[in-house]
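Asker: Quick one: this structure, given as structure tokens, is what I'll be asking you about.
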């Protein structure tokens, strides 16, 4: 599963941790989603 921007934005920390713990996403995918969201919110 690759986290879409919408999926990432709808998760809280506990939900994201559960996906990682269950192996549905890896920590790298979660980090990439976070960095993408940061880049969209703070483009400079």
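Bear in mind that the values in this text are calculations on the coordinates, not laboratory data. Since the structure is predicted, the reported quantities are computational estimates derived from the model, not experimental observations.
Asker: Report, to the nearest 10°, how far helix 27-41 tilts away from the longest principal axis of the Cα atoms in the chain, using its own Cα long axis and a range of 0 to 90°.
Answerer: 30 degrees
Asker: Hey, another quick one. Considering the Cα positions of the chain, please state its Rg to one decimal place and its Dmax as a whole number of Å.
Answerer: 10.3, 35
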